[in-house]
1. For the chain, what does the relative contact order come out to in percent, with C-alpha contacts under 8 Å and a separation of six or more?
2. How large is ³J(HN,Hα), in whole Hz, for each residue of region 127-138 in order, when computed from phi with the Karplus curve 6.51 cos²θ - 1.76 cosθ + 1.60 and θ = phi - 60°, using x for Gly and Pro?
3. Go through region 23-32 residue by residue and turn each phi into a ³J(HN,Hα) via Karplus (6.51, -1.76, 1.60, θ = phi - 60°); whole Hz please, and just put x for glycine and proline.
4. With the radius of gyration and the Kirkwood radius both derived from the Cα set of region 25-92, what is their ratio Rg to Rh?
5. Each residue of region 90-95 in order: what ³J(HN,Hα) in whole Hz does its phi give by Karplus 6.51 cos²θ - 1.76 cosθ + 1.60, θ = phi - 60°, with x for Gly and Pro?
6. If I take the Cα coordinates of the chain and project them onto the principal axes, what are the three extents in Å, biggest first?
7. For the ranges 154-161, 74-81, what's the packing order if you count other beta-carbon atoms within 10 Å of each residue, average per peptide, and put the highest first?
8. Can you give the angle from 0 to 90° between the axis of helix 4-18 and the longest principal axis of the chain, with both taken from C-alpha atoms, to the nearest 10?
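Read the figures in this text as sums done on the coordinates, not as results from a lab. The structure presented is a predicted model; accordingly, all values stated were derived computationally and were not measured. For neighbour counting, all protein chains shown are included, and Cβ atoms are generated from backbone atoms with ideal geometry for every residue, glycine included.
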Amino acid sequence: MVDRERRKKLALHLRHLSVGLISNDDFEKKVMNDVTHGWLPEQYYRAKEAKFDDPIIKPMLELCWCLYSDTKRHKLIGGHKLTDEQLKSIARYILFLHSNLEYEWSYIDATNPLIKLSLKDLLLTIVTLGQNIRNELNKRKQQVKEIEKMGDIDVYPFFRKQDYEAQLKTHPFLNRQGKANAQQ
């Protein structure tokens, strides 16, 4: 299921965040209003809507949340400025969000398991001297290796390089012919 409207809104807010037009707090407010049904990006996985949503929304929110610190208000400028490599990846994410392509990757929770520790997990971590956390991290690394074999990880969130290249050629923001077609 492709939710074009919410994808476009997320792409717009991500673009504004990544180039320093809005702060991290502004980004979260806009996303909560337009994309996550009132949930903070890092908590959206708990929303009932997340279970039946366009499958790209949850992983994109998790990737967005990793771009900034949520402990203080700031823009991604100066010392918080993103690297050229991060900006290149974000441009690809935005390109995908503007596509009509279905998200084909298996979901993997990219957040650190320490962030989502329950009381039970915390106690288990203490009792096992952290071994359960190490096991969880190793399990995720193995999941990532398996997922990387499925598609072309270099063009993530596109699944195939030819889909990425086709979107580059047809996207209205990237060439004059597409822009003329979009205006018609």
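1. Relative contact order of the chain: 22 percent.
2. 5, 8, 6, x, 5, 5, 5, 4, 4, 5, 5, 5
3. In residue order, the calculated couplings are 7, 4, 5, 4, 4, 4, 4, 5, 5, 4 Hz.
4. Ratio of gyration radius to Kirkwood radius: 0.99.
5. With the stated coefficients, region 90-95 comes to 5, 4, 5, 4, 5, 4 Hz.
6. 64, 38, 34
7. Highest-to-lowest ranking by the protection proxy: 154-161, 74-81.
8. On a 0 to 90 degree scale, this one is about 80.
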